[in-house]
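Okay, so here's the structure we're looking at.
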Amino acid sequence: MQQDPSCIFCKIIAGEIPSHKIYEDKNYLAFLDIHPISRGHTLVIPKNHSTDLLHATPNERKGLLEIVAKIAPAIMKSVGAKGFNVGINTGKESGQDVFHTHVHIIPRSTRDGLKSWENMPSKTHDLAEIARNIAQNL
Ligand code: AMP
Ligand code: ZN
């Protein structure tokens, strides 16, 4: 199990700084986000330190989503939400602030006032060229 002594989430795992834990097993921990976007906003992390999704192990990536599916119903029930968003910021350009792999669970309700990103008309982009380039880079 990798730990980074300078990592704030590793410190939470080690119990060196407090958190509001809602789920824990051998490999994963879920706790409330200290600056919630909505009531019940939860972070799920692997206990093994990695900086982001691309550096987590394949098992951790699968395990994180399994934990999301396991705990999201209880989160929604507890805060009276009817849905939730999952967010995984990857890279500082995405807004990632904490470089320990984590998944956001953000409970949602009708008319909760939260806005999602605005879509653009697809003609603004050359979808065919973008798809071809991505496929070539796989
Ligand atoms: P991100 O922008 O995806 O890196 O999100 C990091 C999240 O961690 C933010 O939403 C912070 O509010 C949250 N956070 C930072 N420090 C703590 C902490 N000590 N306890 C709980 N959540 C935290
Ligand atoms: Zn860490």
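Take residue 55 and tell me if it is more than 9 Å from ligand 2 (Cβ to nearest atom), over 26 Å from residue 83 (Cα atoms) and modelled with pLDDT of 95 or more. Break it down stepwise before answering.
Numbers: more than 9 Å from ligand 2 (Cβ to nearest atom): yes; over 26 Å from residue 83 (Cα atoms): yes; modelled with pLDDT of 95 or more: yes.
Considered against the rule, which asks whether it is more than 9 Å from ligand 2 (Cβ to nearest atom), over 26 Å from residue 83 (Cα atoms) and modelled with pLDDT of 95 or more, residue 55 comes out as yes.
Residue by residue through the stretch 3-20, note down the ones that are closer than 20 Å to residue 50 by Cα and open to solvent by 70 Å² or more (accessible area, probe 1.4 Å). Quick ask: steps written out before the conclusion?
Of the stretch 3-20, the ones closer than 20 Å to residue 50 by Cα are 3-17, 19.
Correct list: 3, 5, 6, 8, 16.
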(message) Exactly one of these conditions fails for residue 68: (1) within 16 Å of residue 105 (Cβ to Cβ); (2) open to solvent by 30 Å² or more (accessible area, probe 1.4 Å); (3) touching a residue at least 12 places away in the same chain (Cβ under 8 Å); (4) more than 13 Å from ligand 1 (Cβ to nearest atom). Give me its number.
(response) (2)
(request) Can you give me the number of residues within the stretch 25-40 that are in contact with a helix residue (DSSP H, G or I) (Cβ under 9 Å, 6 or more places away or on another chain) and either open to solvent by 30 Å² or more (accessible area, probe 1.4 Å) or not hydrophobic (A, V, I, L, M, F, W, C) (or both)? (result) 6
(message) Need the failing condition index for residue 49 against (1) at pLDDT 95 or above; (2) open to solvent by 90 Å² or more (accessible area, probe 1.4 Å); (3) within 14 Å of ligand 2 (Cβ to nearest atom), just the number.
(response) (2)
(message) Tell me yes or no: at least one residue of the stretch 42-60 is among the small types (Gly, Ala, Ser) and farther than 23 Å from residue 3 by Cβ.
(response) no
(request) Report yes if residue 65 is among the aliphatic types (A, V, I, L, M) and over 22 Å from residue 11 (Cα atoms), otherwise no. (result) yes
(request) Return a yes/no flag: does the stretch 78-94 have any residue that is farther than 30 Å from residue 14 by Cβ, of a type in the set (D, E, K, R) and open to solvent by less than 80 Å² (accessible area, probe 1.4 Å). (result) no
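Counting only residues that are within 25 Å of residue 87 (Cβ to Cβ) and acidic (Asp, Glu), which one in the stretch 112-137 is surrounded by the fewest Cβ atoms within 10 Å (Cβ to Cβ)? Full working, then the answer.
Just the residues of the stretch 112-137 that are within 25 Å of residue 87 (Cβ to Cβ), to begin with: 112-122, 124-125, 127, 130-131, 134, 137.
Checking which are acidic (Asp, Glu) leaves us with 112, 118.
Details: 112: 15, 118: 5.
Top of the filtered list is 118.
The values are calculated or read from the model by the stated rules, or taken from the named source; none is laboratory data. Small disclaimer: the values here were computed from a predicted structure and weren't measured. With ideal geometry, Cβ positions are generated from the backbone for all residues, glycine too; neighbour counts draw on all protein chains shown. In case anyone asks, the SASA skips ligands and DNA or RNA and just uses the protein heavy atoms, side chains included. Shrake-Rupley method; radii C 1.70, N 1.55, O 1.52, S 1.80 Å.
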